[in-house]
Amino acid sequence: MADMKTRLLPPRPPGQEPHRRVPMPVRPLFQGMDLLNLKKRGQGIRSWIKIDKDGVSQVMEVDKLTIMRRCGLPARDLRLLDPLFVYPSTILGREKAIVMNLEQIRCIITADEVLLLNSLDRYVLQYVAELQRRLAAKNGYPEQNINKKPTLDISTEILPTERRESNLTAFIEGSHRQTESYGSRESHADYMPFEFLAMEVALEAACTFLDTQATELEVEAYPVLDELTSKISTLNLERVRRLKSRLVALTRRVQKVRDEIEQLMDDDGDMAEMYLTEKQERMDNSFYRDQATAVFSGMGIGGSMSAPVSPVCSPPESRKLEKNLSMAATSRHSSSRVSEDESDIQELEMLLEAYFVVIDAILNKLTSLKEYIDDTEDFINIQLGFADTQKSS
């Protein structure tokens, strides 16, 4: 069989070397590709603007997983803020954050900071400037010194027993006074939690953006409609058709914002979830109370926190600490009961009602414009029908 295969092959010319495969040059893997940007896209790293309670802004690049851990949000909530996709307006209240997607404003609001998707849009920049201005007025320092405030370096220090005991006493007394004054502070007209202030600026920016677009469309539409009634032409009909398409799209967006605000006002549970500062204060009080309990146990102060302490066995300072700690715990539980009442959500409800009126006025403006377009179309149809009747007669 091998001899037959050799005879079938053509004879090799004399002096010619046997054919050898030339090795191809090995191309390095991912040559010419930007690995850094590829890694950033794969991890979902985006640029965010962080604004804290003092109004200090900072631009940072954070991946999606870090944002999820930082704000306690699921991945589906972050997709609502993705600028690569177009999602309708949404306001979501979560355990530790408020997710807002209102037109150009896409942000995450917590009890301590606002994370805003970085953009060069002027409404985004106006949101940052307006929030800083209001925080400056609330905190009582000049607006021009917002980004020049020094940062505090909080270091952990191991205190002696006496200093630790006195600090715990001061904290318990301060937390008790803070809990007692929380109701009166909420009733004060000038007080507004940080998350509500950031939400108000976002609602105001969205309403301003939609009202500007509605006004521009209104100014552009009425002359075109008047011109169409005086002269029916293909060009004028095409201009009216485009205006009507823009009007329908804008009305749908305004209606979505209105529905989100109305749905939020109808659900007391969702509004109660948005009191992030109050929930954080309760969690902090619970945490420090557990720490104080552990410290008392380490100092050898026995007994239950709710059980009476013998005045003979316990020193006066220990009895004072026990009493203050019990008062702080009682106040914490009473504040949690108050937060469940319907009267506790009036502040947020009034805020939402104010912007519901604004967005409803914008929707009425667009509805009036649509009715004017419909009346113009009816008038044009009557004119065309009358013209056809005269031609046929």
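Considering only residues in the stretch 339-348 that are surrounded by fewer than 15 Cβ atoms within 10 Å (Cβ to Cβ) and either part of a helix (DSSP H, G or I) or hydrophobic (A, V, I, L, M, F, W, C) (or both), the one that is modelled with the highest pLDDT turns out to be Gln346.
Select from the stretch 246-297 the residues that are among the hydroxyl-bearing types (Ser, Thr, Tyr) and either more than 16 Å from Phe196 (Cα to Cα) or open to solvent by 70 Å² or more (accessible area, probe 1.4 Å) (or both) and write down the one among them that is modelled with the highest pLDDT. Steps first, answer last, please.
Step one: list which residues in the stretch 246-297 are among the hydroxyl-bearing types (Ser, Thr, Tyr), which gives 251, 275, 277, 286, 288, 293, 297.
When the remaining residues are screened for being either more than 16 Å from Phe196 (Cα to Cα) or open to solvent by 70 Å² or more (accessible area, probe 1.4 Å) (or both), the result is 251, 286, 288, 293, 297.
On the way: Thr251: 96, Ser286: 68, Tyr288: 64, Thr293: 69, Ser297: 66.
Here the residue is Thr251.
If we scan the stretch 224-231, do we find a residue that is over 20 Å from Ile359 (Cβ atoms), touching an Asp or Glu at 6+ places or on another chain (Cβ under 9 Å), in a loop (DSSP other than H, G, I, E, B) and modelled with pLDDT of 70 or more? Checking the stretch 224-231: not a single residue is over 20 Å from Ile359 (Cβ atoms), touching an Asp or Glu at 6+ places or on another chain (Cβ under 9 Å), in a loop (DSSP other than H, G, I, E, B) and modelled with pLDDT of 70 or more.
Could you please let me know if Leu247 is in a helix (DSSP H, G or I), over 17 Å from Asp360 (Cα atoms), in contact with a helix residue (DSSP H, G or I) (Cβ under 8 Å, 6 or more places away or on another chain) and not hydroxyl-bearing (Ser, Thr, Tyr)? The answer is no for Leu247. The one condition from (1) more than 30 Å from Phe209 (Cα to Cα); (2) within 44 Å of the chain's Cα centre (by Cα); (3) at pLDDT 50 or above; (4) of a type in the set (Asp, Glu) that Asp378 does not meet is (2).
Do we find that Leu203 is surrounded by 19 or more Cβ atoms within 10 Å (Cβ to Cβ), touching a helix residue (DSSP H, G or I) at 6+ places or on another chain (Cβ under 9 Å), closer than 26 Å to Ile380 by Cα and touching a residue at least 12 places away in the same chain (Cβ under 8 Å) in this structure? Criteria not met by Leu203.
Condition first: farther than 16 Å from Lys370 by Cβ and either open to solvent by 40 Å² or more (accessible area, probe 1.4 Å) or touching a residue at least 40 places away in the same chain (Cβ under 8 Å) (or both). Now tell me which residues in the stretch 227-238 satisfy that. Steps first, please.
Start the filter on the stretch 227-238 by keeping residues that are farther than 16 Å from Lys370 by Cβ, which leaves 227, 229-238.
Across the stretch 227-238, the qualifying residues are Glu227, Thr229, Ser230, Lys231, Ile232, Thr234, Leu235, Leu237, Glu238.
Yes or no: the stretch 216-225 includes at least one residue that is among the hydrophobic types (A, V, I, L, M, F, W, C) and either touching a strand residue (DSSP E or B) at 6+ places or on another chain (Cβ under 8 Å) or open to solvent by 20 Å² or more (accessible area, probe 1.4 Å) (or both). It would help to see each step written out before you state the result.
Of the stretch 216-225, the ones among the hydrophobic types (A, V, I, L, M, F, W, C) are 217, 219, 221, 224-225.
With either touching a strand residue (DSSP E or B) at 6+ places or on another chain (Cβ under 8 Å) or open to solvent by 20 Å² or more (accessible area, probe 1.4 Å) (or both) added as a condition, the list becomes 219.
Yes, the stretch 216-225 contains a residue that is among the hydrophobic types (A, V, I, L, M, F, W, C) and either touching a strand residue (DSSP E or B) at 6+ places or on another chain (Cβ under 8 Å) or open to solvent by 20 Å² or more (accessible area, probe 1.4 Å) (or both).
Residue pairs whose Cβ atoms lie under 7 Å apart, separated by 6 or more positions or on different chains, with the first residue in the stretch 263-279 and outside any helix (DSSP H, G or I) and the second of a type in the set (Asp, Glu), are Met274/Glu195.
Of a type in the set (D, E, K, R) and closer than 30 Å to Ile98 by Cα - does that describe any residue in the stretch 238-255? I'd like the intermediate steps shown before the answer.
From the stretch 238-255, those of a type in the set (D, E, K, R) are 238-239, 241-242, 244, 246, 252-253; that's our starting set.
Right, trim to closer than 30 Å to Ile98 by Cα and you get 252-253.
Yes, the stretch 238-255 has at least one match.
Would you check if Gln213 is open to solvent by 70 Å² or more (accessible area, probe 1.4 Å) and among the polar types (S, T, N, Q)? No: the conditions fail for Gln213. Can you list residue pairs whose Cβ atoms sit under 7 Å apart, with the first residue in the stretch 106-122 being farther than 18 Å from Lys96 by Cβ and the second being of a type in the set (Val, Ile, Thr) and open to solvent by 40 Å² or more (accessible area, probe 1.4 Å)? Count only pairs 6 or more apart in sequence or on different chains. Taking only residues 6 or more apart or on different chains, the pairs are Asn118/Val59. Residue count for the stretch 63-83 under the criterion of being assigned to a helix (DSSP H, G or I), out of contact with any Asp or Glu (no Cβ under 9 Å at 6 or more places or on another chain) and open to solvent by less than 30 Å² (accessible area, probe 1.4 Å): the result is 3.
The values are calculated or read from the model by the stated rules, or taken from the named source; none is laboratory data. Nothing here was measured: the structure is a model prediction, and the numbers come from that model. Every residue, glycine as well, gets a Cβ built from its backbone with ideal geometry; the counts of neighbours run over all protein chains shown. We work out accessible area using only protein heavy atoms, side chains counted, and drop any ligands, DNA or RNA first. Shrake-Rupley method; radii C 1.70, N 1.55, O 1.52, S 1.80 Å.
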